[in-house]
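Enquirer: Okay, handing you the structure first.
The values are calculated or read from the model by the stated rules, or taken from the named source; none is laboratory data. Treat the numbers as computed from the prediction; the structure is a model and nothing was measured. Neighbour counts run over all protein chains shown; Cβ positions are idealised from the backbone, glycine included.
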Amino acid sequence: MTYTPTLAKNFHRVQARIATLRTTAPSVRLIVASKGRDVAAIEALYAQGQREFGENFTTELENKSQLLQHLDIKWIYIGVLQSNKIARLVRCCDEIQSLASRKHARYVERYAAQYGKHAYPVYLAVNIDNEAQKRGFSAAEVVAAAQEIAHNCPHLQVEGLMAVPASIYCDRDQQHPPPAYHELRRLASCCGHGKLSLGMSADLALALHAGTDCVRIGRDVFASN
């Protein structure tokens, strides 16, 4: 069941926290991570003014975009890409923030061209801590990869980088980002349009103090109390 008053309260609390903590960017883009949340919850947040929602699974994104096609929602894919589902994703979502390989860039380019999508926005996923369980470009290769993709994929628009740093950094109240966060800000500035998508509920303060342009918040928006 969706508790609209609680959702609205949580949503505005997150907005206020972002406004209070941001230090460098004049505005910070908020994507609500809506994986596993029902359509009614998304409609309730839409009524509060939210327009961008991030999803992790192809079929769930397809279903929600179909059910809510009457709303001007921008759907962003933030999950792990799978080669056999990229065509479906490009067809139904507006942006991919988890492009983790040159091969997948070629696939996204192919289907963006096929569906007549020009300047299709993508962020390159960077595995800043070289964690074995995570996909993404290494810090050492990501700038060159961004340049190659921008050159070889004319239908794609490289916006910048997306990252999920190691959980050891997460501290809701910490105001001094670790070196990895500063390095992500530096690397992002060298990729495409120079944007950085960094920060979730657990590390929002760190990401904002590091100068992120975009945050992806789920838990703090959908908390039950």
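Residues checked against (1) in contact with a strand residue (DSSP E or B) (Cβ under 9 Å, 6 or more places away or on another chain); (2) closer than 24 Å to residue 199 by Cβ; (3) among the aliphatic types (A, V, I, L, M); (4) outside any strand (DSSP E or B):
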position	(1), (2), (3), (4)
103	no, no, no, yes
118	yes, no, no, yes
124	yes, yes, yes, no
135	yes, yes, no, yes
139	yes, yes, yes, yes
145	yes, yes, yes, yes
148	no, no, no, yes
151	no, no, no, yes
160	yes, yes, no, no
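Enquirer: Continuing with this model, one more query. Tally up the residues in the stretch 115-146 that are free of Cβ contacts under 8 Å to residues at least 24 places away in the same chain and either among the aromatic types (Phe, Trp, Tyr) or over 23 Å from residue 54 (Cα atoms) (or both), please.
Expert: Of the residues in that region, 6 qualify.
Enquirer: Then there's this: Residues in the stretch 211-224: is at least one over 21 Å from residue 23 (Cα atoms), out of contact with any helix residue (DSSP H, G or I) (no Cβ under 6 Å at 6 or more places or on another chain), surrounded by fewer than 19 Cβ atoms within 10 Å (Cβ to Cβ) and among the hydroxyl-bearing types (Ser, Thr, Tyr)?
Expert: Yes, the stretch 211-224 has at least one match.
Enquirer: Now a separate question. Scan the stretch 45-58 and tell me whether some residue there is over 16 Å from the mean Cα position of the chain (by Cα), touching a residue at least 24 places away in the same chain (Cβ under 8 Å) and within 27 Å of residue 104 (Cβ to Cβ).
Expert: no
Enquirer: Hey, any hits in the stretch 175-190 for a residue that's modelled with pLDDT of 95 or more, out of contact with any helix residue (DSSP H, G or I) (no Cβ under 9 Å at 6 or more places or on another chain) and over 25 Å from residue 74 (Cβ atoms)?
Expert: yes
Enquirer: So which residues in the stretch 90-101 are surrounded by fewer than 18 Cβ atoms within 10 Å (Cβ to Cβ) and outside any loop (DSSP other than H, G, I, E, B), if there are any at all?
Expert: Of the stretch 90-101, the ones surrounded by fewer than 18 Cβ atoms within 10 Å (Cβ to Cβ) are 91, 94, 101.
Result: 91, single match.
Enquirer: Restricting attention to the stretch 102-120, report how many residues are more than 18 Å from residue 84 (Cβ to Cβ) and either surrounded by 19 or more Cβ atoms within 10 Å (Cβ to Cβ) or of a type in the set (Val, Ile, Thr) (or both). Walk me through how you get there before you give the answer.
Expert: Let us first name the residues in the stretch 102-120 that are more than 18 Å from residue 84 (Cβ to Cβ), namely 113, 116-120.
Imposing the further condition that a residue be either surrounded by 19 or more Cβ atoms within 10 Å (Cβ to Cβ) or of a type in the set (Val, Ile, Thr) (or both) reduces the set to 120.
Within the stretch 102-120, residues that are more than 18 Å from residue 84 (Cβ to Cβ) and either surrounded by 19 or more Cβ atoms within 10 Å (Cβ to Cβ) or of a type in the set (Val, Ile, Thr) (or both) number 1.
Enquirer: Within the stretch 130-143, is even one residue surrounded by fewer than 20 Cβ atoms within 10 Å (Cβ to Cβ) and within 17 Å of residue 97 (Cβ to Cβ)?
Expert: Yes, there is a match, as at least one residue in the stretch 130-143 is surrounded by fewer than 20 Cβ atoms within 10 Å (Cβ to Cβ) and within 17 Å of residue 97 (Cβ to Cβ).
Enquirer: Then there's this: Just the residues that are within 26 Å of residue 168 (Cβ to Cβ) and among the hydroxyl-bearing types (Ser, Thr, Tyr), please, taken from the stretch 100-150.
Expert: Answer for the stretch 100-150, where residues must be within 26 Å of residue 168 (Cβ to Cβ) and among the hydroxyl-bearing types (Ser, Thr, Tyr): 101, 123, 138.
Residue-by-condition table, conditions (1) within 23 Å of residue 157 (Cβ to Cβ); (2) out of contact with any Phe, Trp or Tyr (no Cβ under 8 Å at 6 or more places or on another chain):
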site	(1), (2)
5	no, yes
8	no, yes
43	no, yes
64	no, no
70	no, yes
89	yes, no
92	yes, no
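Enquirer: Being within 23 Å of residue 219 (Cβ to Cβ) and at pLDDT 95 or above is the requirement here; does residue 85 meet it?
Expert: No.
Enquirer: Considering only residues that are within 14 Å of the chain's Cα centre (by Cα) and either assigned to a strand (DSSP E or B) or surrounded by fewer than 18 Cβ atoms within 10 Å (Cβ to Cβ) (or both), which ones fall in the stretch 171-199?
Expert: If the condition is that a residue be within 14 Å of the chain's Cα centre (by Cα) and either assigned to a strand (DSSP E or B) or surrounded by fewer than 18 Cβ atoms within 10 Å (Cβ to Cβ) (or both), then 195, 196, 197, 198 are the ones that fit.
Enquirer: Could you figure out which of (1) surrounded by 14 or more Cβ atoms within 10 Å (Cβ to Cβ); (2) within 24 Å of residue 204 (Cα to Cα) isn't true of residue 87?
Expert: So residue 87 meets the others, but not (2).
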